[in-house]
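The structure under discussion appears below in the form of structure tokens.
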Amino acid sequence: MPTLNWIGKEAVVKHHKDVPFRLLEPVADLSYGPAQGKDSGNLIVQGDNLHALKALLPRYAGQVKCIYIDPPYNTGNEGWVYNDNVNSPEIRRWLGEVVGKEGETLDRHDRWLSMMYPRLVLLKQFLREDGAIFVSIDDNEVATLRLLMDEIFEARNFVGTVIWQKKYAVANDHKTIAPMHDFVLVYQKSANWKRNLLPRGEEKDSQYKYEDLGGIFRPDNYTCAKTAEERPNLYYPVTNPNTGEEIWPKRTRVWAYSQEEHQRHVAEGLIYWGKDGKGKVPAYKRYKHLLRNDGVVPQTLWPHEFAGHTDGSRKELREVLHDIPSVSDFATPKPSLLIQRVLQIATDKESLILDSFAGSGTTAHAVLKQNDEDGGNRRFIMVEMDENIAQDVTRERVKRVAEGYSNAKGQTVEGLGGGFQFCRLSAEPLFDADGQIRSDVKFAQLAEFVWFAETGTGFTGTADSLLGVHEGRAIYLLYNGILKDKSVGGGNVLTGPVFEVLTFPPPAIPR
Ligand SMILES: C[S@@+](CC[C@H](N)C(=O)[O-])C[C@H]1O[C@@H](n2cnc3c(N)ncnc32)[C@H](O)[C@@H]1O
């Protein structure tokens, strides 16, 4: 199996392990919603996603149903808000530190791959076994990304490459072949992933415009594309019971059902003979309530009518943030409809969704919209590195669409509901250079870390000395305060008195 190599790869393949665990520091003033957004389960994290993902792992490993990311496309265009050629000071500094001197001479593809590799490795750890990741990309890196994803997520988990038609009009001044689309690469975490059917479109619903005692139905073709010679058993006369007329199919297009099946249809009243019942062409009554697959199989071609376009997405963003000057820097936010399609295919109403290149916050907007449309309770985690974007654009957009806002025309747009907690990353990691735990660490923070270190899964329990039971193994955390004794060593060591206050054995494990 071919693998991709580039200058700098060696330095980054294991780099995710060296990234220190930082703590998430909630910022009450920037959070929004009930109880400062904490209870909503939604998070906006400002920071480099390499560090943010590492900080989030102890809480969310193995719990995310759907990851959507829209990383820099690496187009080589300088100086716009998405730092598209991976030239941002943060990434340059990071490459300098991790790849070393060599990092300065890497070409932009080497740099992009070095940036993406450890982030994708971390992202994979967030996915549930029935989860999937969707990655937006264009021709600049689609070939390398495919190989990178094959290596990290395994080629057998490749689901498909979506072609999203991002433009509806060709640029007339384009010198060669005008690009009209982006790609979305889709990988499942494992074979446990099952895609959903898409909601049946209105145009299809509108076909169900007939009704009788059996319910609402649409007339379906009673013939099939076979000749009388090919299917002699399907070439026979049927009788319209209202006129007594005997009707034969054409020799080139015979009935779709055998005589026995037809007799059953007659007995069950499933043949439609037109509004007045005197038609010369039978049709099958396809009742809406009997549809087995009440939805449409998703496909890889996503026209702009289905998933929106960038012209519309710019307007969508400006509609909400019309008074924020920096919003005009956002040339290509994604349409919320594009991400709603991802959510419709890959999430259920209770899913957790992660976007670690949040930009203008389209994914959070799409989650709130989708919840509003289907009564869902999906939650999101957004990560954005740029401080100004995170506060003035990502956060502000999500707050406004949740709360309601006045658009550029001064019209009131109702809020979609929801809230979020805004977090930054601690400057100091959980462990200092000598491996000592920070002295100000809270029991709950340490509990998340210990549980993750022991189980590799995110901590969902409550921070009690018994953290929980994982695969038949109980995990306790003894830390200052367990005996209400905060002195050094008080409650940290498994002594007789400490043992007495532990719930042992845990209820889930029989004695
Ligand atoms: C292409 S944009 C995403 C656009 C977004 N989908 C939208 O609809 O607005 C990529 C975003 O990722 C951010 N970014 C780039 N590198 C990052 C990193 N290492 N950590 C977190 N965010 C990063 C950039 O600042 C930029 O806002």
*asked:* Between a residue in the range 321-347 that is touching a residue at least 24 places away in the same chain (Cβ under 8 Å) and more than 11 Å from the ligand (Cβ to nearest atom) and any residue that is of a type outside the set (Lys, Arg) and assigned to a loop (DSSP other than H, G, I, E, B), which pairs come within a Cβ distance under 7 Å, given they are 6 or more apart or on different chains?
replied: His322/Asn407; His322/Ala408; Leu337/Gly308; Gln344/Asn196; Gln344/Pro199; Ile345/Asn196; Ile345/Pro298
*Which numbered condition trips up Gly376, out of (1) more than 11 Å from the ligand (Cβ to nearest atom); (2) within 17 Å of Arg400 (Cα to Cα); (3) over 13 Å from the mean Cα position of the chain (by Cα); (4) open to solvent by less than 40 Å² (accessible area, probe 1.4 Å)?*
(2)
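Just wondering, is there one or more residues in the range 161-168 that are in contact with a Leu (Cβ under 7 Å, 6 or more places away or on another chain) and surrounded by fewer than 18 Cβ atoms within 10 Å (Cβ to Cβ)? Before the answer, list the steps.
Taking the range 161-168 first, the residues in contact with a Leu (Cβ under 7 Å, 6 or more places away or on another chain) are 161, 163-164.
Okay, now just the ones that are also surrounded by fewer than 18 Cβ atoms within 10 Å (Cβ to Cβ), so 161, 163.
Yes, the range 161-168 contains at least one residue that is in contact with a Leu (Cβ under 7 Å, 6 or more places away or on another chain) and surrounded by fewer than 18 Cβ atoms within 10 Å (Cβ to Cβ).
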*Contacts under 9 angstrom Cβ, first residue in the range 187-202 being closer than 18 Å to Ile67 by Cβ, partner at pLDDT below 95 and surrounded by fewer than 15 Cβ atoms within 10 Å (Cβ to Cβ), 6 or more apart*: Arg195/Val297; Asn196/Gly295
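Among residues belonging to the range 210-250 that are of a type in the set (Lys, Arg) and open to solvent by 80 Å² or more (accessible area, probe 1.4 Å), point out the one that is farthest from Ala283 (Cα to Cα). Let's see the steps before the verdict.
Within the range 210-250, the first condition is being of a type in the set (Lys, Arg), and the residues that meet it are 218, 226, 231, 250.
Right, trim to open to solvent by 80 Å² or more (accessible area, probe 1.4 Å) and you get 231, 250.
Details: Arg231: 19, Lys250: 15 Å.
Across the range 210-250, the extreme among qualifying residues is Arg231.
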*Which of the residues that make up the range 47-71 are in a loop (DSSP other than H, G, I, E, B), farther than 18 Å from Phe459 by Cβ and open to solvent by 20 Å² or more (accessible area, probe 1.4 Å)?*
Asp48, Asp70
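When the residues of the range 291-318 are narrowed to those that are assigned to a helix (DSSP H, G or I) and free of Cβ contacts under 8 Å to residues at least 12 places away in the same chain, which ends up nearest to the ligand (Cβ to nearest atom)?
At the first step, the residues of the range 291-318 found to be assigned to a helix (DSSP H, G or I) are 304-307, 310-318.
From what's left, free of Cβ contacts under 8 Å to residues at least 12 places away in the same chain: 305, 315.
Details: Glu305: 19, Lys315: 13 Å.
Taking the candidates together, the pick is Lys315.
Looking at Glu448, Glu414, Glu403, which is the one that is open to solvent by 20 Å² or more (accessible area, probe 1.4 Å), under 17 Å from Leu56 (Cβ atoms) and either assigned by TED's automatic domain parsing to the domain that holds Arg22 or not small (Gly, Ala, Ser) (or both)?
Working: Glu414 fails: under 17 Å from Leu56 (Cβ atoms); Glu403 fails: under 17 Å from Leu56 (Cβ atoms).
When all the criteria are applied, what remains is Glu448.
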*Answer from Gln411, Gln436 - the residue that is without any contact (Cβ under 8 Å) to a residue 60 or more places away in the chain and farther than 25 Å from Arg22 by Cβ*: Gln411
_Residues that are part of a strand (DSSP E or B), of a type outside the set (Ser, Thr, Tyr) and either open to solvent by less than 20 Å² (accessible area, probe 1.4 Å) or within 12 Å of the ligand (Cβ to nearest atom) (or both), drawn from the range 94-138_ = Leu127, Gly131, Ala132, Ile133, Phe134, Val135, Ile137
_Suppose the filter is surrounded by 15 or more Cβ atoms within 10 Å (Cβ to Cβ), polar (S, T, N, Q) and at pLDDT below 90; does Ser465 pass it?_
yes
*Unmet requirement for Arg253, which otherwise passes all of (1) surrounded by fewer than 12 Cβ atoms within 10 Å (Cβ to Cβ); (2) free of Cβ contacts under 8 Å to residues at least 40 places away in the same chain; (3) basic (Lys, Arg)*: (1)
*Provide a single number: the residues in the range 324-372 that are at pLDDT 95 or above, of a type in the set (Asp, Glu) and either out of contact with any strand residue (DSSP E or B) (no Cβ under 8 Å at 6 or more places or on another chain) or open to solvent by less than 10 Å² (accessible area, probe 1.4 Å) (or both).*
3
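What residue, among those in the range 417-433 that are surrounded by 15 or more Cβ atoms within 10 Å (Cβ to Cβ) and of a type outside the set (Gly, Ala, Ser), is nearest to Ala366 (Cα to Cα)? Steps first, please.
Going residue by residue through the range 417-433, those that are surrounded by 15 or more Cβ atoms within 10 Å (Cβ to Cβ) are 417-426, 429-430.
Of the ones still in play, those that are also of a type outside the set (Gly, Ala, Ser) are 420-425, 429-430.
Details: Phe420: 14, Gln421: 18, Phe422: 18, Cys423: 21, Arg424: 23, Leu425: 25, Pro429: 33, Leu430: 33 Å.
So the residue we want is Phe420.
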_Hits in the range 304-343 (condition: over 17 Å from the mean Cα position of the chain (by Cα) and among the hydroxyl-bearing types (Ser, Thr, Tyr))_ = Thr310, Ser313, Ser326, Ser328, Thr332
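The values are calculated or read from the model by the stated rules, or taken from the named source; none is laboratory data. Quantities reported herein were computed from a predicted structural model and do not represent experimental measurements. No Cβ is skipped: glycine too gets one built from the backbone with ideal geometry, and neighbour counts run over all protein chains shown. Note: areas computed on protein heavy atoms with side chains; ligands, DNA, RNA excluded. Shrake-Rupley method; radii C 1.70, N 1.55, O 1.52, S 1.80 Å.
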